[in-house]
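To start, the structure under review is shown below, and the notes come after it.
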Amino acid sequence: MDDRDRGDSLIDDRAFRREQEALRSTWTFLGLTVDLPRDHDWFRTSLAGRSVFVQRFGEQILGFENICPHRFFPLRTADKGNGQIICGFHHWHFDRRDDAVGIPNCREVFDLTPREMKARLRPIEIAMCGTLIFGRLDAAPDAESLEGFLAGSADILAAFSRAPVKVQRFGRTVEANWRLMIQITLDDYHVPAVHQLRSHIGAADYRYWRFGPHSAMAEGHTDTLPSTAEDCAAGRYRPTRYRIFNIFPTLAVSLFSASHYWYIDIQQFIPLAPARSQWRHWVFPAPFQTARKKFVRSLTRPLVDPIRDRIVRRTVERIGNEDHLACERLQQVAHQPDHWQPILGRQEERVAWFTEAYAKAVSDAP
Ligand code: FES
Ligand SMILES: [Fe+2]
């Protein structure tokens, strides 16, 4: 993929499909294990532009391309559900080993048993970090593990993603390219203009961490990525300031406080088309003990929690909507030349890092 393609994938279907194909062997966030609590629970999502589904089989979580090998009907036709893998077109039935194990009238119409048909689903390689499920397709046999790909952030993501059973889930479709949506989460310069807020950080009050193709913004100066990872691994991490971790290509995990009560926000940006993306959110109380949390729990929690949860959701949605309106406006002029060669300042440094990681991922692709 050359430079022209990278610009064109914001507006051109073929360039977008080439970009997505190039990213298929990159570990990509697919969803959370809390969305698969029971045996045979499944959810549908998208990996590098392909419809896929992820399903629980007992203790195992497996993923498959959402295409029946018989006549290519989508096996899952809703966003989530529970049940065996049975195709809705001719009722072929597949098991966890991806074989077709049940084929109606098989001997009569194919002269073979279902096993002899050797019709198989296409599996996705799945790996987990805490409750976060990642997948990839067609990676080289010696491609790096998920832990290697996460470049020192695995213990942090595992600790931050310890979601309770009750999670607030929401999202919507945004008429903008996924990279514009990622870039706005990497940009600390737009806050006064887009959100009508005083920028929540002064130049001296934050650090950017770069690790592998990923990056984070951390308010304060007391910790580093390795010290945070060490505290998380030892179970002694305590939230003090805002953080956001952007895991390439489509995941953002942030930690924020609402009235001194800490929350985790997991965001997924799913590329659907050059000018369309799906935005998904999971928001839940941060799984860390704090003095404030203990106090609040003992006195007022049953009354205050639902109200605070609703306010948090409304605030997260409002901020997201403001960001995405800006992204949709960027998309409206994305066909004009040179739109993808920006002038980046210090508070947009992570946008430049993302652009470099993206260029490397699409040019290194098999
Ligand atoms: S297409 Fe799936 S059973 Fe025929
Ligand atoms: Fe924003």
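Structure notes:
- Inverse mean reciprocal Cα-Cα distance (Kirkwood Rh) of region 26-137, Å: 14.4
- Dipole moment magnitude, nearest 20 debye, the chain about Cα centre, only Lys, Arg, Asp, Glu C-beta charged: 1460
- Of the residues ILE124, ILE85, LEU62, the one whose Cα sits farthest toward the positive end of the charge dipole of region 26-137, with +1 on the Cβ of Lys and Arg and -1 on the Cβ of Asp and Glu, is ILE124.
- Once the gyration tensor of the Cα atoms in region 13-88 is diagonalised, the equivalent ellipsoid follows with semi-axes of 23, 16, 9 Å, ordered largest first.
- Carbon-plus-sulfur accessible fraction, the chain (probe radius 1.4 Å, protein heavy atoms only): 53%.
- Aspartates and glutamates whose Cα lies under 15 Å from that of LYS118, excluding same-chain neighbours fewer than 8 positions away: ASP95, ASP98, ASP99
- The Rg/Rh ratio of region 94-140, with Rg taken over Cα atoms and Rh as the Kirkwood radius over Cα pairs, comes to 1.20.
- Scaled radius of gyration (Cα, divided by 2.2 N^0.38 Å) that the chain gives: 1.05
- Take the chain with all the other protein chains still there, run a 1.4 Å probe, and you get 48 Å² of accessible area per residue.
- Residue order by solvent-accessible surface for ARG350, ARG107, ARG24, ARG318 is ARG107, ARG318, ARG24, ARG350, largest first, with ligands and nucleic acids left out and a 1.4 Å probe.
- Shape category assigned to region 154-364 from the gyration tensor of Cα positions, a/c cut at 1.5: prolate
- The amide H of LEU30, built 1.01 Å from its N in the peptide plane, has ILE133, PHE134, GLY135 as neighbours under 5 Å, considering only residues 5 or more places off or on other chains.
The values are calculated or read from the model by the stated rules, or taken from the named source; none is laboratory data. Here the structure is a predicted model, which means the values were calculated and not measured. Counting neighbours? That spans all protein chains shown, and the Cβs are built from the backbone with ideal geometry, glycine included. Surface areas here come from the heavy atoms of the whole protein model, side chains and all, with no ligands, DNA or RNA. Shrake-Rupley method; radii C 1.70, N 1.55, O 1.52, S 1.80 Å.
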